[in-house]
Structure formats: C-alpha cells, structure tokens
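The values are calculated or read from the model by the stated rules, or taken from the named source; none is laboratory data. All of these numbers come straight from a predicted model, not from anything done at the bench. Backbone-built Cβ (ideal geometry, glycine too); neighbour counts: all protein chains shown.
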C-alpha cells in the first residue's frame, strides 16, 4: 500500500490536475479515512474476540464470521483501501486515487486468493 501511495504521489508531481473543492477534499477524505480506521478496528476486535491472530505471518486458529466479517470476507483489506483513497483525496492527488483499482487487483490476486486457499486447506468448508 505504501508503495502505491509513493508512486501515486510521485506521478502527481508530473500530472497537473484541478484542485478539489475544499469541503469535498477535507470532509470526504476524512470520512473515508475515519471509516477505514473504524472498519479496521472492528475487524481486529473480531479477530481478537475469536482468539485468532490479526498478524498475517501468524497461523490462523479459526475462521471469523461475525462483526464486519459477517458482511465481507476481507474487511481489513477494504479498510486499507478506504484509508488509501482517503489519504489521496485529502492530499488532493488524483493519481493516488486513480491507482486504487490497481491496488485492489494486487491485493485480491496477490494476497486474498492465497489467504483463501490457506484457510480452505486448513479449515475446509467452514
């Protein structure tokens, strides 16, 4: 995520774009940022309540299906995208926001699908 942020910010130096209307920039960006942080906190609470690790390098001990995990399989990655886009909006760097779909693809194909395979092998259909 930080790499995409850096590339987006660097591209923003070379691509001139119009400034966002300030209320949209700050209120909209803050809403995305706060929403992302709140979703991440709720997802982490759900993991901890279930007694499984939040850290991706530690083994999972159960499949979590409550809290935000009742609505989406990957609320932490969704929250990361919300935070990323919120930072791009607040910084008024549209190139950061434009890279969000590419970041989504990298997360989905590079991380999520691998995690799903791991969880299916470990826990079966649960």
Exercise for review: Tell me which residues, restricted to region 103-126, are touching a helix residue (DSSP H, G or I) at 6+ places or on another chain (Cβ under 7 Å) and under 30 Å from residue 20 (Cα atoms).
Suggested key: 103, 104, 107
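Here is a check on your reading of the model: is residue 36 closer than 28 Å to residue 117 by Cβ, assigned to a helix (DSSP H, G or I) and under 13 Å from the mean Cα position of the chain (by Cα)?
Here the answer is yes, as residue 36 does meet what is asked.
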Practice item. Enumerate the helices (runs of 4 or more DSSP H) found wholly within region 80-126, keeping only those where 2 or more residues are within 17 Å of residue 32 (Cα to Cα). Key: 94-98, 100-107
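Look at residue 44 and say whether it is surrounded by 13 or more Cβ atoms within 10 Å (Cβ to Cβ), under 24 Å from residue 9 (Cα atoms) and at pLDDT 95 or above. Outline the logic, then answer.
Details: surrounded by 13 or more Cβ atoms within 10 Å (Cβ to Cβ): yes; under 24 Å from residue 9 (Cα atoms): no; at pLDDT 95 or above: yes.
No.
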Review point. When you go through (1) surrounded by 13 or more Cβ atoms within 10 Å (Cβ to Cβ); (2) touching a residue at least 24 places away in the same chain (Cβ under 8 Å) one by one for residue 64, which number turns out not to apply?
Key: (2)
Exercise for review: Please determine, by comparing only the residues of region 5-23 that are touching a residue at least 40 places away in the same chain (Cβ under 8 Å) and part of a helix (DSSP H, G or I), which one is nearest to the chain's Cα centre (by Cα).
Suggested key: 5
Exercise for review: Please give the number of the condition residue 2 fails out of (1) surrounded by 11 or more Cβ atoms within 10 Å (Cβ to Cβ); (2) closer than 17 Å to residue 100 by Cα; (3) under 19 Å from the mean Cα position of the chain (by Cα).
Suggested key: (1)
